[in-house]
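Coordinate-derived values only; no laboratory data. Since the model is a prediction, treat every value here as computed from it, not as a measurement. Backbone-built Cβ (ideal geometry, glycine too); neighbour counts: all protein chains shown.
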Amino acid sequence: MRVSKAASDGCKILIEKTLTCGSATLARMHFPSIVLRYFPVVGRAQVLRNALTDAGCPFEDLRLPMPEWQGRRSDPTFAGRLKALPTLSWGDAFVAETLPIASFIAKRLGHYDGLDDSAIAFREAVASCAYMDIVLRLVEVIRADAHHPGADLQRSLAVALPRVLQKFEHVDACLPDEHYFGGERPVMTDFFVAETFEALRYVMGPDREARFTGRLPRSAALATSIRNRPELAQAWRGRPARLTGRPDEEVAIARLRSTDLSALGL
Ligand SMILES: N[C@@H](CCC(=O)N[C@@H](CS)C(=O)NCC(=O)O)C(=O)O
């Protein structure tokens, strides 16, 4: 793990913590000051929260209330030069954009240790596909009528779903037969795939779960396994209720869940 390097990167606050994974104590580690900034929704940040939480990595999970964003978006120490969230501070390092933040955290937590460049690229490719082609498409569906006035939410879901599920099947086929991409412990790609499954579950609702789980058996098992990891199960209560910043998301979700998807076998 890279935390001694992170500590030598000029961290201001050092926290000594004993990390355990199952029954095995992995290391006594020094953590710098870590702040993850996002909104009080699952959105782009839950994967990052989960990776840090599961590693037992102390961090400030800053959830900016939406109305306060206008006052913070031009502060580069908060929103970065690209003026968007999430952003991450890790000691003196500042990182913006979800995928680069994920990659940075993965490196700092040692997820890439011992892997060659192709193996790292493969893991990042699976995470990128899950995030960009599935999660962001589902978010687009939830916001379809806001982004495209006149668009119908149910029609948007019915049109998007075949491609989303096809992509998810490709992701599912990339998962290892057992355990995680990281072997005995999950790594960033595992957290991406698990959160992608959670996003699909959320949009589709519990009544349909058995129908799409059959098409995504490895992802479903992975999501269950990640959900039950001790640190994450404990943190589950603090998980934001909403996926997006849409203020009436529950209305949109209720409408989406009542879509007739029988033509798709769902
Ligand atoms: N490409 C960026 C997009 C970040 C982004 O657009 N974040 C949204 C929240 S999900 C945001 O900050 N919106 C406020 C704004 O753009 O003013 C990423 O993947 O992190």
Legend entry - Integer Hz, Karplus 6.51/-1.76/1.60 couplings in order for the range 48-53, x for Gly and Pro: 5, 4, 5, 4, 5, 5
Inset, instruction - Calculate, in nm to one decimal, what Ala235 and Glu184 gain on full extension: separation in residues at 0.36 nm each, minus their alpha carbon distance. - result: 16.3 nm
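When only DSSP loop residues count, what trypsin sites (Lys or Arg not before Pro) in the range 50-117 have their Cβ near at most 12 other Cβ atoms within 10 Å? Working shown, then result.
On the way: sites: Arg63, Arg72, Arg73, Arg81, Lys83, Lys107, Arg108; in loops: Arg73, Arg81, Lys83.
Loop-located and lightly packed - Arg81.
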Legend entry - Hz values of 3J(HN,Hα) by residue in the range 170-183 - Karplus curve (6.51, -1.76, 1.60), Gly and Pro given as x: 5, 4, 4, 5, 7, 6, x, 4, 9, 6, 10, 4, x, x
Inset, instruction - Sticking to Cα atoms, compute the Rg of the chain to one decimal and its Dmax as the biggest Cα-Cα distance, whole number, in Å. - result: 18.8, 58
Inset, instruction - Kindly write out, for the range 256-266 in residue order, the coupling ³J(HN,Hα) from the Karplus curve 6.51 cos²θ - 1.76 cosθ + 1.60 (θ = phi - 60°), rounded to whole Hz, with x marking Gly and Pro. - result: 4, 5, 8, 5, 7, 10, 4, 5, 9, x, 10
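Helix-only mean residue ellipticity at 222 nm, the chain, DSSP H runs n ≥ 4 weighted -39,500 (n - 2.57), per residue, nearest 500. What is it? Please list the in-between numbers first.
Details: 14 runs with 127 residues, N = 266.
Per the formula, -13500 deg cm²/dmol.
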Legend entry - Inter-label distance for Gln154 and Leu266, nm, one decimal - labels placed 7 Å from Cα along Cα-to-Cβ: 1.5 nm
Legend entry - Degrees separating the helix 188-204 axis from the principal Cα axis of the chain, which is the longest one: 30 degrees
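Quick one: length gained pulling His147 to Arg215 fully straight, 0.36 nm per residue minus the C-alpha distance? The partial results should precede the final answer.
On the way: separation 68, 0.36 × 68 = 24.48 nm, distance 2.99 nm.
That works out to 21.5 nm of additional length.
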Legend entry - the chain: most fluctuating residue of Asp190, Asp113, Asp207 per GNM, C-alpha cutoff 10 Å: Asp207
Inset, instruction - Report, to two decimal places, the Cα Rg of the range 117-260 normalised by 2.2 N^0.38 Å (N = number of residues). - result: 1.06
